[in-house]
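Chemist: Sending over a structure as structure tokens; questions will come in a sec.
The values are calculated or read from the model by the stated rules, or taken from the named source; none is laboratory data. This one's a predicted model, so the numbers in the text were calculated from it and none came from an experiment. Neighbour counts are summed over all protein chains in view; Cβ atoms, including those assigned to glycine, are modelled from backbone coordinates with ideal geometry. What goes into the accessible areas is simple: the full protein's heavy atoms, side chains included, and nothing from ligands, DNA or RNA. Shrake-Rupley method; radii C 1.70, N 1.55, O 1.52, S 1.80 Å.
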Amino acid sequence: MSAPLPRQDHDSPWKEALEWRFPEFMALLFPGIYPEIDWSKGHSFLDKELQQITADADNGRRYADKLAKVYTYDGLETWVLIHVEVQGEPEADFAARMYNYHYRLLDRYGADVVSLAVLADASPSFRPQRFQRGRWGCEVDFRFPVAKLLDLDARWAELEASDNVFALVVMAQLKAKQLDDGYELKRWKAHLTRLMYQRGYAKQQIIELFRLIDWMMRLPDALEREFLDEHYAFEEAQHMPYVTSAERFGIEKGRQEALKEAEARIKEARLEAKRETARNLIETTNLDNVTIANATGLSEDEVLELRSTH
């Protein structure tokens with residue numbers, strides 16, 4: 001007997017995981033780049049800058065993209081653009097999107113940009129690594145480093161033995177993509193969450209990891225209750241009551257707040273894209289307010305306000 005799984009949300013936990021453990025992510029999935037970054041100077045995420053160049057990319061798909069600012073050992077600022085493809089079906093235009101985002105950042109901000117792709121999909125043959133286009137001797141050949149998570153499945157024992165905390169995130173993603181039966185996913189979810197305790201992680205690390213694994217590996221309600229009961233019993237046996245019922249409530253509340261915050265950012269980015277289009281039309285054409293409002297989806301009052309402040 002099998003148990004069908006609820007709809008999984010992978011992009012939101014990936015975004016949180018990248019913000020939570022970005023250096024560990026780079027060390028595990030891009031080990032050739034990790035030592036080139038001067039981590040002592042810190043890193044920061046440029047959400048506003050990324051929103052500015054992706055606001056018009058609403059095509060019905062959701063992406064776990066992040067833009068980070070890091071520094072090289074010679075003191076140069078470098079922007080690292082991470083694209084995470086976690087959809088069930090590979091995207092035919094993925095390489096083109098990689099190029100478009102890269103070019104837009106370079107054109108708009110003039111920063112050094114390094115684009116990296118993480119392919120968390122379940123298709124072994126989906127491996128875009130370059131975007132090419134050209135005619136009559138005028139050519140674009142854009143190549144980017146790729147980490148294919150399926151390749152790590154063959155190194156599962158290494159992941160289980162790794163002291164890199166991000167290995168658990170990758171293992172959770174692999175099982176969430178590979179399994180479609182709730183009972184089997186519940187078994188692996190229990191195994192991965194118990195690894196946290198075996199590795200001796202601190203309480204806050206366990207809570208954060210639990211939240212991410214729980215988010216990636218969603219179970220049917222009945223199995224979720226069974227998993228939690230078993231997990232609470234395990235914690236009591238280990239004398240480590242970290243993920244209590246109250247903490248679980250906080251995790252769920254945090255997830256909902258994160259989703260609302262992400263939706264608000266997307267809504268504001270789309271609105272700003274409409275405003276930018278309206279400003280361009282006001283500046284470069286003689287169109288009236290009604291026409292501009294119809295073209296952009298803004299109200300006439302909003303167009304009038306933009307024109308008055310232009």
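Chemist: Quick one: length gained pulling TRP156 to TYR34 fully straight, 0.36 nm per residue minus the C-alpha distance?
Modeler: Extra length available between TRP156 and TYR34 comes to 41.8 nm.
Chemist: Under 18 Å between alpha carbons, and skipping anything fewer than 8 positions from LYS177 in its own chain: which lysines qualify?
Modeler: Qualifying lysines at Cα under 18 Å: LYS15, LYS148, LYS186, LYS189.
Chemist: Greater than 28 Å separation of Cα atoms is the criterion. Which listed pairs, LYS41/LYS175; LYS66/LYS267; LYS41/LYS274, meet it?
Modeler: LYS41/LYS175; LYS41/LYS274, as the Cα separations exceed 28 Å there.
Chemist: With the cut-off at 14 Å, report for the range 69-137 the share of all Cα pairs above it, as a whole percent.
Modeler: Across the range 69-137, Cα pairs with separations above 14 Å total 65 percent.
Chemist: Enumerate the amide H contacts of VAL118 below 5 Å, restricted to partners 5 or more residues apart or on another chain; note that Pro and chain-start residues carry no placed amide H.
Modeler: Under 5 Å from the amide H of VAL118: HIS83, VAL84, GLU85, ALA147.
Chemist: Still on this structure: Under the Karplus relation 6.51 cos²θ - 1.76 cosθ + 1.60, θ = phi - 60°, what is the ordered set of whole-Hz ³J(HN,Hα) values for the range 132-142, x standing for Gly and Pro?
Modeler: 10, 7, x, 6, 6, x, 9, 9, 10, 9, 9
Chemist: For the pair ASP301 and ARG143, how long in nm is the line joining their label points, each one 7 Å along Cα→Cβ?
Modeler: Once both label points are built, they end up 5.6 nm from each other.
Chemist: Can I ask one more? Quick one: Karplus J couplings for the range 180-191, per residue in order, coefficients 6.51, -1.76, 1.60, θ = phi - 60°, nearest Hz, x for Gly and Pro?
Modeler: 10, 10, x, 5, 5, 5, 4, 4, 6, 5, 5, 4
Chemist: If I model a spin label as a point 7 Å beyond the Cα along the Cα-Cβ vector, how far apart are those points for ASP181 and TYR103 in nm?
Modeler: Roughly 4.8 nm, to one decimal.
Chemist: Can you tell me how much longer the chain between GLU19 and LYS48 gets when fully stretched, taken as 0.36 nm per residue apart minus their C-alpha distance, in nm with one decimal?
Modeler: 9.0 nm
Chemist: So for THR296, THR54, what's the accessible-area order with a 1.4 Å probe, most first?
Modeler: My answer, sorted largest first, is THR54, THR296.
Chemist: May I ask which residue of ILE213, SER115, GLY182 lies farthest towards the positive end of the charge dipole of the range 83-239, with charges of +1 (Lys, Arg) and -1 (Asp, Glu) on Cβ and the Cα centre as origin?
Modeler: SER115
Chemist: Using the Karplus curve 6.51 cos²θ - 1.76 cosθ + 1.60 with θ = phi - 60°, work out ³J(HN,Hα) for each residue of the range 170-177 in order, rounded to whole Hz, and write x for Gly and Pro.
Modeler: So the Karplus estimates, Gly and Pro as x, are 5, 5, 5, 5, 4, 5, 5, 7 Hz.
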